[in-house]
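Visitor: Mind looking over this structure? Questions follow.
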Amino acid sequence: MYRLKEIGKVKTKKASEISSSRLGIGFEKLDRDAFDPEKAYDKMSEIGIKWVRIQSGWQKTEKVKGVYDFAWLDSIVDKIIARNMTPWICVCYGNAIYGGMAEEVFGAVGCPPIHTEEQIEAWHNYCVALSKHYVGRVTHFEIWNEPDGLHCWKHGVNATELGKFTIRTARALREGNPSAYIIGGALCKVNIPYLNEAFKTGMANEIDAVSFHAYHFDDNRIRPSIKALRALINRYNTSIEIIQGESGAQSRPFGHGALKDGGWTPRKQCKHMLRHLITDLGMGVKFTSYFSCMDMMEALRGKVGDKASYQDYGYFGVLGAEFDENGIATGEYPKKPSYYTLSYLASIFEGNVTETDLPILVDVENALHCGRIPSVSWVEIESYGFRLDNGSLAFAYWCPVNHLTTDLESAVSFNCADLGDVSLVDPLDGTIYEIPPEIMQRDEFGNIKLSLLPIKDYPLILIFGGL
């Protein structure tokens, strides 16, 4: 970057080298055998995240009524734990042996067991068995997936149904493990009317957290969405935490699933990842999970016996894949640029990073001018402050232009209190830069002016105190 001196790279760390993290990744769809996890475990652990979202696969576990075979899920859970990561389980989907739409839907996706007494009882028994089986290994259980979308509540979206279903499921999970941490919602998006209706059932009294998904082209929606979600939750139960359970972008155009109409590239995927995850952390979520580890089939609208209906591939992964005639991800799962970007971010934000306000303000008068108009003004900057686990402070900032159509590089100046030795990190490629004296002016009162620092359409991070 102009006027800055490259002095090193962020040292990435494996999950085994960090104690905790507020970053996670999706490892979903193994209930439908979407990919070979054996080729992904080690690569995933080397990213340096902790939380790994998996799906419980009722239909894959209970193939004979009342008989549970957890062996396939045990293998996944145990291999994640062995690599010092923390699995959390999305409890889903339906089960064809109990009839209904699940008999026709691939993976019984979006077929909640709520229509007969037999289904309700079978689901209860399964949830008790599931949470009991994983005592000592899994504590966090999320109820269902995207129930506010027709693809995952196929008979017709109904928030009151979801609220009652969540209450029954939460009680069943705690029957098996009284210490279970229960996550409700798993919303497609922050849907205030839907969640408010669900809360009217008493659902908020039964859960420890609400999770939501955030597939937005415009990440400027995230901050107000989380603020509104927090405000709604506080009307019912102030102790409920917020988790961002799925957020990501594709690395190429012409895929399937969320954001499929974007002109995506590997670099744009990296930018999107950084903007979303840093916003989540800055807005105080408990943890945030990137979707996903793998390129894989979407498989949300598949039909039993119709392979073509679930050969709809999404390219959200930090690992790439090819696909066989059954839609299964094959090949060696190469690392994309986003893999490295996530790893750099995970190392910068390892441990119990906390969001904090910092005494830093844009100095518009000293912004880089294009003609007579400042190229970047304070109203155009998105920024968040953090206290890192080592005590250093971090200030992430960017210009929130449309990163699908713009590749912005400009400059911006800051006035701030002297917060210690300062360097600049580009988390997209992990480069650490020294800020030379001609850019940084200190006065005798403990103030600093940082003149004409680079600003881009993805977060750069000022580090006060070192990594």
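The values are calculated or read from the model by the stated rules, or taken from the named source; none is laboratory data. The structure presented is a predicted model; accordingly, all values stated were derived computationally and were not measured. Glycine gets a Cβ as well: all are built from the backbone with ideal geometry, and neighbour counts include every protein chain shown.
Visitor: Sort through Gly420, Gly391, Gly446 and tell me the only one that's over 27 Å from Arg22 (Cβ atoms) and exposed (fewer than 15 other Cβ atoms within 10 Å of the Cβ).
Guide: That would be Gly446, the only listed residue that is over 27 Å from Arg22 (Cβ atoms) and exposed (fewer than 15 other Cβ atoms within 10 Å of the Cβ).
Visitor: Among residues belonging to segment 207-232 that are in contact with a Leu (Cβ under 8 Å, 6 or more places away or on another chain) and modelled with pLDDT of 95 or more, point out the one that is farthest from Ile278 (Cα to Cα).
Guide: Looking at residues that are in contact with a Leu (Cβ under 8 Å, 6 or more places away or on another chain) and modelled with pLDDT of 95 or more, I get Leu232.
Visitor: Does any residue of segment 6-28 turn out to be at positive phi, assigned by TED's automatic domain parsing to the domain that holds Glu241 and under 25 Å from the mean Cα position of the chain (by Cα)?
Guide: No, the conditions are met nowhere in segment 6-28.
Visitor: Let me ask another. In segment 103-119, which residue that is at negative phi and part of a loop (DSSP other than H, G, I, E, B) is surrounded by the fewest Cβ atoms within 10 Å (Cβ to Cβ)?
Guide: Thr116
Visitor: Which is buried (at least 21 other Cβ atoms within 10 Å of the Cβ) and under 26 Å from Met85 (Cβ atoms), of Gly317, Gly302?
Guide: So the residue among Gly317, Gly302 that is buried (at least 21 other Cβ atoms within 10 Å of the Cβ) and under 26 Å from Met85 (Cβ atoms) is Gly317.
Visitor: Condition (residue is part of a helix (DSSP H, G or I) and either free of Cβ contacts under 8 Å to residues at least 60 places away in the same chain or in contact with a Gly (Cβ under 8 Å, 6 or more places away or on another chain) (or both)) applied to segment 133-148: is it met by at least one residue?
Guide: yes
Visitor: Of the residues in segment 413-437, how many are touching a Ser or Thr at 6+ places or on another chain (Cβ under 8 Å) and either modelled with pLDDT under 95 or polar (S, T, N, Q) (or both)?
Guide: Total meeting the criteria: 2.
Visitor: Continuing with this model, one more query. Considering every residue within segment 32-42, establish whether at least one is under 20 Å from the mean Cα position of the chain (by Cα) and surrounded by 23 or more Cβ atoms within 10 Å (Cβ to Cβ).
Guide: The answer is yes; a qualifying residue exists.
Visitor: Same structure again: Within segment 255-304, take every residue that is farther than 29 Å from Asp36 by Cβ and outside any loop (DSSP other than H, G, I, E, B) and give me the one that is nearest to the chain's Cα centre (by Cα).
Guide: Out of the qualifying residues, it is Asp280.
Visitor: Within segment 192-223, how many residues turn out to be of a type outside the set (A, V, I, L, M, F, W, C) and under 24 Å from Ile54 (Cβ atoms)?
Guide: Number satisfying all stated conditions: 5.
Visitor: Further question: Being at pLDDT 95 or above, under 30 Å from Lys132 (Cα atoms) and more than 17 Å from the chain's Cα centre (by Cα) is the requirement here; does Ala204 meet it?
Guide: yes
Visitor: Examine segment 233-250 for a residue that is crowded, with 16+ Cβ neighbours inside 10 Å, assigned to a helix (DSSP H, G or I) and either in contact with a Ser or Thr (Cβ under 7 Å, 6 or more places away or on another chain) or of a type outside the set (Ser, Thr, Tyr) (or both), and state whether such a residue exists.
Guide: Yes, there is a match, as at least one residue in segment 233-250 is crowded, with 16+ Cβ neighbours inside 10 Å, assigned to a helix (DSSP H, G or I) and either in contact with a Ser or Thr (Cβ under 7 Å, 6 or more places away or on another chain) or of a type outside the set (Ser, Thr, Tyr) (or both).
Visitor: Could you please find all residues in segment 305-328 being in a loop (DSSP other than H, G, I, E, B) and aromatic (Phe, Trp, Tyr)?
Guide: Tyr315, Phe316 - these are the residues of segment 305-328 that are in a loop (DSSP other than H, G, I, E, B) and aromatic (Phe, Trp, Tyr).
Visitor: Something else: So which residues in segment 86-102 are under 30 Å from Tyr290 (Cβ atoms) and either in contact with a helix residue (DSSP H, G or I) (Cβ under 6 Å, 6 or more places away or on another chain) or not in a strand (DSSP E or B) (or both), if there are any at all?
Guide: Matches in segment 86-102: Pro87, Cys92, Tyr93, Gly94, Asn95, Ala102.
Visitor: Only one of Ala159, Ala82, Ala71 is among the aliphatic types (A, V, I, L, M), crowded, with 20+ Cβ neighbours inside 10 Å and without any contact (Cβ under 8 Å) to a residue 60 or more places away in the chain. Can you tell me which?
Guide: Exactly one residue qualifies, and that residue is Ala159.
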